[in-house]
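Please read the structure below before turning to the comments.
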Amino acid sequence: MKIIFLFLLLIPFNAAGEIFTAHGYLLELKKVETAKKKRSLGPLYLRAQELCDELSESARDMDEKELQSAALRFKGIDIGSAEAPGAWIKPGFFLALAAKKGKKADLEFFALLGDEQPAGNWDIYTASHTDYSGCDTLGSGVFVKFYGRWRAFNEKYPENYADAAEEALQKLEDILKQTVCVCAGEREALRELQVFLETFPDTPAAEDLQERIDKIKKKTTNIKFECKPS
């Protein structure tokens, strides 16, 4: 434990609280890795999310060498570059860990997360054009597919990763309600919105999505189709 704490002091965190967040993550990771019985990875995931939040803040003040050093110290965490700072979990790392030490809910959660975030810092709902911008992939079918998958997971495992599942569903709803830059053409985007409402008529976003559909049909929408942000 002392060794873990001492090497954390070598990382340029912004506050002492961040050191303890990192310490908590490494201790929980060690508990999981050395456990003799299968156990939930939920607590470890929460620690990882907290650490990513802290590292994302600290990374803004780190140079490239410091970022690389931090990345080597935290298994399961990816850290961006000096040009595009940030931190995010590696779903593949957690999926492999779940296969060895976790339970069925852990396996399904991290498999779903990995499918949703194959690039780590970019999810499949946005196609990146630069490190900072991209167009939303409405029209590709992923919104219908993954909204259904997250709902199914939440219903199957209401006691596991409930907050994460709810956040994932909310994120999808928000993108559909707010996007103004869509990669696909008008026809494809309109079709997915219609299929989404037909498939999930009880979604909290139903009224907003119907309004968007109506505006697309009336040619009064603020959505830019075949959008290529600079």
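For this structure, a couple of remarks:
- Formal net charge of residues neighbouring Ala189 (Cβ-Cβ distance under 10 Å; K, R +1; D, E -1): -2
- On full extension, the segment bounded by Thr220 and Lys171 gains 15.2 nm, given 0.36 nm per residue less the C-alpha separation.
- Put a plus charge on the Cβ of each Lys and Arg, a minus charge on the Cβ of each Asp and Glu, and nothing anywhere else: the dipole of region 88-141 about its Cα centre is then about 440 debye.
- Virtual paramagnetic centre 7 Å along Cα→Cβ of Ser128, amide N under 20 Å, in region 201-230: 227-230
- Residues whose placed amide H lies under 5 Å from that of Ile77, excluding near-sequence neighbours: Lys90
- Both radii come from the Cα set of region 166-213: Rg as radius of gyration, Rh as Kirkwood radius; their ratio Rg/Rh reads 0.94.
- Each residue of region 21-37 was assigned a 3J(HN,Hα) from its phi angle through the Karplus curve 6.51 cos²θ - 1.76 cosθ + 1.60 (θ = phi - 60°); the sequence is 4, 5, 4, x, 5, 5, 5, 5, 4, 5, 4, 5, 5, 9, 5, 8, 10 Hz, with glycine and proline shown as x.
- The lysines within cross-link reach of Lys104, meaning a Cα-to-Cα straight distance under 26 Å and a gap of 8 or more places when in the same chain, are Lys30, Lys31, Lys36, Lys37, Lys38, Lys75, Lys90, Lys145, Lys156, Lys171.
Read-outs throughout are calculated quantities, based only on the coordinates presented, and are distinct from any laboratory measurement. Here the structure is a predicted model, which means the values were calculated and not measured. As a convention, Cβ positions derive from the backbone with ideal geometry for all residues, glycine included, and neighbour counts pool all protein chains shown.
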